[in-house]
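The values are calculated or read from the model by the stated rules, or taken from the named source; none is laboratory data. The shown structure was predicted, so the numbers you read here are calculated from the model rather than taken from an experiment. A quick note on method: Cβ atoms are made from the backbone with ideal geometry, for glycine too, and the neighbour counts reach across all protein chains shown.
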Amino acid sequence: MIGRRLAVGGPVRARFGGAAWEQRGALNGLESRLQPLLDQIGDLRDTVITADALHCQREHVDYLAERGAHWILTVKGNQPSLHSQLAGLPWRAVPDATRDTDRGHGRREIRTLKVLTLSTGIDFPHAAQALQIRRRRRRLDQPKRFTTETVYAITDLRAHQAKPAQLATWIRGHWSIENKIHWVRDVTYDEDCCQIRTGTGPEVMAALRNAAIGALRTAGIANIAAANRHHARDSTRPLALLGIT
């Protein structure tokens, strides 16, 4: 039965069932690290893997097929031919399969999902359906100004295996992880600009960042950037956070 989901991020991170796995490295080597990461998980059968565009690679979907897993992959500029093929599909003739509206953080967002069954014309192994996700946002204090973002994705799941609402839920869940985890590490800690590349240095630094984020989250802190500034002003504050006095 399909239903479990595992989300894999850009710098290779995965979360599944409350546990986390990670491998780090130079940016140009991240694609090859997906398989060693997932090899740490014993059984992937009927698990749905959601992954960033970086991992939209033919060898990855072949590997997932061998493991009995399913996948939903974002497609962006790193696969220009595939992205052009998806953008060129007759989306105007396709009705919205799902439509959701959210309000929060001073803005309103409308998300729509369209789904097309693929038979020919898409050069990517195991692809069964194409997805178009459109997000239209406006600030509540500027009701006439909208921004629209269109994202494409592909999946090996067939129409009878996952309804559009379930696909939308998995995609939203993946983006939620992006916002909560990757934003903090990639932006607040500027992780991808770290110059440490030797030996196990990247893994050690990633572990230290994880420990810092975990300690702050456990303390109920939501704004990690502000908390970092607060604790940097007084060397006793990090010790107090960790219960060391």
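Some notes on this structure:
- Of everything in the range 27-58 that is assigned to a loop (DSSP other than H, G, I, E, B) and either crowded, with 19+ Cβ neighbours inside 10 Å or touching a helix residue (DSSP H, G or I) at 6+ places or on another chain (Cβ under 8 Å) (or both), the residue that is modelled with the lowest pLDDT is L30.
- Checked against (1) at pLDDT 85 or above; (2) over 21 Å from A128 (Cβ atoms), S84 meets all criteria but (2).
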